[in-house]
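Written below as structure tokens is the structure these notes are about.
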Amino acid sequence: MSVEAELTAVVREPERVRAKLAERAAAEHSVYADTYYDRPDHSMDRDGYELRVRRITTGEDRRVVLTYKEPPVDEASRSKPEHETTVADPEVMGTIFEGLGLVELISLEKHCDNYRFTADGREMLATVVTVPELDGRTFIEVETMADPDDLTAALASVRAVLDDLGVTEDDAVDESYTDMVARGRER
């Protein structure tokens, strides 16, 4: 089982952070159109599970990824075991989920600049994210995959990358994008 060791934070100086990341890797701009599914009683979300169909558009390239995440194994970072595969047709996945009794929990769009590089001997993905519905705020996600018994060390490596970018623990985000968007839609 692989765990996505990930930390998310608000970025107070987006252009400075992008410039620092550009020293490590070229940016790849993508738009993610995410649809999350759940049981009608929202028990998957409540219990920490995620089932997502993501449409990724990068330039002229389009692909679809199905992701299933289990509850967090580390509450502080919300790092979760993650299972992911590509799928050909997102509409078919929606039909299958509906046939299984699932409902759409929420859909949202993320604009992402992805930077892939190695740090502390680990393959890292740093993503600078804007979610149009979140008032122009910019976020950063830094992640690496780890075995459960290596999670603490992996999170320390992720934290070191954030520190190098000038993103402090005070900038940490404890709430998911889906929760932030849902709260904004309730207003």
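Bear in mind these aren't lab numbers, they're just calculated from the coordinates by the rules spelled out. In this text the structure is predicted, and so the values were computed from the model without any measurement. Counting neighbours? That spans all protein chains shown, and the Cβs are built from the backbone with ideal geometry, glycine included.
For the pair the stretch 87-137 and the stretch 163-187, the centres of their Cα atoms are 15 angstrom apart.
Put a dot 7 Å past the Cα of Thr95, heading toward its Cβ, do the same for Glu60, and the two dots end up 2.9 nm apart. Of Arg116, Arg62, the sequence from fewest to most neighbouring Cβ atoms within 10 angstrom is Arg62, Arg116.
The GluC sites (Glu not before Pro) found in the stretch 8-71 that occupy coil by DSSP, while having at most 15 further C-beta atoms within 10 Å, are Glu23, Glu60. Among residues other than Asp120 with Cβ under 12 Å from its Cβ, the summed charge is -2 (Lys and Arg +1, Asp and Glu -1).
Convex hull volume per residue, computed on the Cα atoms of the stretch 71-187, equals 152 Å³. Relative to the compact-globule estimate of 2.2 N^0.38 Å, the Cα radius of gyration of the stretch 38-79 comes out at 1.49. Legend: ranking of residues Val3, Val64 from fewest to most surrounding C-beta atoms inside 10 Å; resulting order Val64, Val3.
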